[in-house]
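K.L.:
The structure follows.
The values are calculated or read from the model by the stated rules, or taken from the named source; none is laboratory data. Remember, predicted model here, so these are calculated numbers, not experimental data. Positions of Cβ are generated from backbone atoms using ideal geometry, with glycine treated the same way; all protein chains shown enter the neighbour counts.
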Amino acid sequence: MEELSAAERDTGTVIATRALTKRFRGGQLAVDGLDLTVPEGSVFGFLGPNGSGKTTTIRMLMGLIEPTSGSAQVLGRAMPRSTRDVLPHVGALIEGPALYGFLSGRDNLLRYDAADPTADPRTRRTRVAAALDRVGLTAAAGKKARAYSLGMKQRLGLAAALLQPRRLLVLDEPTNGLDPQGMREIRALVRELASDGATVFLSSHLLDEIEQVCTHAAVMARGRLITQGPVAELAAGARGRLVVTTPDPGDAARVLKEQGVSDVVVTDDRVTGEPPDADRDLSEVNAALVAAGVRVRGFGLERASLEDAFVALTGEGFDVAG
Amino acid sequence: MSQADETAVLATRSAPAAPPAPAVRRLWTLGLFRSELTTTFRRWRTLALLGVLAGVPVLVGIAVKIETSDGGVGRGGGGGGAGPAFIAQITNNGLFLVFTSLAATLPFFLPMAIGVIAGDAIAGEANAGTLRYLLVAPAGRTRLLLTKYATTMAFCLVATLVVAVSALTVGALLFPLGELTTISGTRIGMGEGLLRALLIALVVAASLTGVAALGLFVSTLTNSGIAAMATTVGLLITVQILDQIPQLHAIQPYFFSHYWLSFADLMREPVYWDDLTRNLGIQAVYAAVFGSAAWARFTAKDITA
């Protein structure tokens, strides 16, 4: 086992992988030399297009798949060797919920709870009832799971992950199949879990979802880790664009070019461009516009989104499968 | 647990600030086994299989009743004629319907039902995706496999008892009960007859443990429950056919089904144990070999479903 660096020791690391690699028997390299560090207490967004290796990584972290090489530590212990000690502290939703259709929602949870050797059978029903309540399924608990909608199945899967107090929650695409109201509820739940002190590892291909709830993020593409860090830093890596709203777009574009703004694009009354060097005060650019007689209706920097950051990092659209 | 000690040492050596997961206290309960039993027996498929098995003695009983009602006279003990063992004796004593029904279902119906349950054990969970959630619960691979095998064995016993009880009920309704004649010609009382019937049912259930282990092994090879069931039942049919080909007599004693019908020897006076023990020995060997193979395969398998 490699030693963790001092910085990681200070912050506390819940998931740490070193050169984690998985090559499937067909020769396909699903995960390639992954060095992932998930700080304790973070809501960690794990981003990447479909097929980028997110789920294979999660399966290796959960001890379902043996890495070809490299190592993975979860809660300070090596996986997959320590599954029996680590996994009782981990709640997981992997690649969507999987249920016994012929059992009721409640019986599904009773079965998953019975599978956990650390779960006390005497308090099983209480735990199941609390988990059902937490995801808002109490009323539908007696219904057969096959009659559930996709959103209800997703909630039941979440309830299974929440049967015990967990130190780490691994949620793979938790809002899949939910309506906007359901998505909001899940995000609220994630924030609530995080405020209770749990670390939440959230994979998604929805950038705005990550941006809304996550404190940290990592981006994967084609099995490799492209970047990781606090969300604010990642978004800051991509610079915002200068936006000028004006009834005189032609003049404005000319003046902006003179002022060192590059990549100027005119669409109707909006003129956008890459702002000049960081040390140049943008108020001077605005003054120059006004001095040239350009009527300015709006002037400002459009904040870079994580999506901009992603495009800047990969040089491609987000939904391209790796 | 040397494994737990080892990981504890490792965790100390490279401990990050986040305290490593404490070694958890495992409760040795039968919770998973109970859950597995109720899950298995609440499936419509399981109930349908048991229903078919319960129907066989009814059909045999009615057929025998119709055939003998006009002639009026049974053919008597040991009489010739086709059909499963003991069929000629049913009209004299309803208890023989138990032996006949077990002899009729053991070559195919019973092992086929076991093949379905065993084949579906792991592959069916993989197919439904529930396997990954059981394993991250964490059920533990060895524990889950043992639970699955124990449940399959429990099903062997239940299936055999369903046939036996159904046959006993039908036999009592349609035919007289009372003293019976053993294969050796001696007569035993009804009480001892019932005891022998129970013993035979247990031996028949034990005869199925080899198929159960084979089915469980096949089940660890694929993520398709249907494929695992079909393969297990296919193997069963193949072995049954090969067991009928005289040129293969050299290898036939090693087939799991070769000594199945030896349970009839329990109806001899005194009991003839040679084939019975051979049968149970073969079942133990199959259970050990395929059980180990299933364990080796399942504990090293990448769960991608």
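This table checks each residue for (1) modelled with pLDDT under 85; (2) in a helix (DSSP H, G or I).
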position	(1), (2)
A:242	yes, no
A:254	no, yes
A:263	yes, no
A:287	no, yes
A:293	no, no
A:299	no, no
A:308	yes, yes
A:311	yes, yes
A:321	yes, no
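K.L.:
Looking only at the range B:284-303, which residues are of a type in the set (Val, Ile, Thr) and either within 15 Å of residue B:255 (Cβ to Cβ) or within 19 Å of the chain's Cα centre (by Cα) (or both)? Don't jump to the end; show me each part of the working.
P.N.:
Keep residues of the range B:284-303 that are of a type in the set (Val, Ile, Thr), which gives B:285, B:289, B:299, B:303.
Hits for the range B:284-303 are B:285, B:289.
K.L.:
For the range A:67-74, indicate whether the set of residues that are closer than 24 Å to residue A:206 by Cα, at the interface with chain B (Cβ under 8 Å from one of its Cβ atoms) and either crowded, with 16+ Cβ neighbours inside 10 Å or modelled with pLDDT of 90 or more (or both) is non-empty.
P.N.:
No - not one qualifying residue is present in the range A:67-74.
K.L.:
So, one more: Can you go through A:182, A:229, A:197 and tell me which one is outside any loop (DSSP other than H, G, I, E, B), farther than 20 Å from residue A:133 by Cβ and not hydroxyl-bearing (Ser, Thr, Tyr)?
P.N.:
The conditions single out A:229.
K.L.:
Hey, among B:168, B:135, which residue is closer than 19 Å to residue B:299 by Cβ and either at pLDDT 90 or above or within 24 Å of the chain's Cα centre (by Cα) (or both)?
P.N.:
B:135
K.L.:
Being at pLDDT below 95, within 14 Å of chain A (Cβ to nearest Cβ) and in contact with a strand residue (DSSP E or B) (Cβ under 9 Å, 6 or more places away or on another chain), is that true of even one residue in the range B:138-160?
P.N.:
yes
K.L.:
Let me ask something else about it. So which residues in the range A:211-231 are on the phi > 0 side of the Ramachandran plot and surrounded by fewer than 21 Cβ atoms within 10 Å (Cβ to Cβ)?
P.N.:
So the first thing to find is which residues in the range A:211-231 are on the phi > 0 side of the Ramachandran plot, and the list is A:222-223, A:229.
Residues satisfying the conditions are A:222, A:229.
K.L.:
Could you tell me whether residue B:279 is at pLDDT 90 or above and part of a loop (DSSP other than H, G, I, E, B)?
P.N.:
Values: at pLDDT 90 or above: yes; part of a loop (DSSP other than H, G, I, E, B): no.
Against the criterion (at pLDDT 90 or above and part of a loop (DSSP other than H, G, I, E, B)), residue B:279 does not qualify.
K.L.:
Restricting the search to the range A:124-145, which residues are assigned to a helix (DSSP H, G or I) and closer than 20 Å to residue B:42 by Cβ?
P.N.:
A:124, A:125, A:128, A:132, A:140, A:145
K.L.:
Can we say residue A:83 is of a type in the set (Val, Ile, Thr) and within 15 Å of residue B:137 (Cα to Cα)?
P.N.:
When the stated conditions are applied, residue A:83 passes them.
K.L.:
Continuing with the same structure: For the range A:75-103, enumerate the residues that are at the interface with another protein chain (Cβ under 8 Å from one of its Cβ atoms) and either part of a strand (DSSP E or B) or aliphatic (A, V, I, L, M) (or both).
P.N.:
Residues satisfying the conditions are A:75, A:77, A:78, A:86, A:87, A:90, A:92, A:94, A:98, A:99, A:103.
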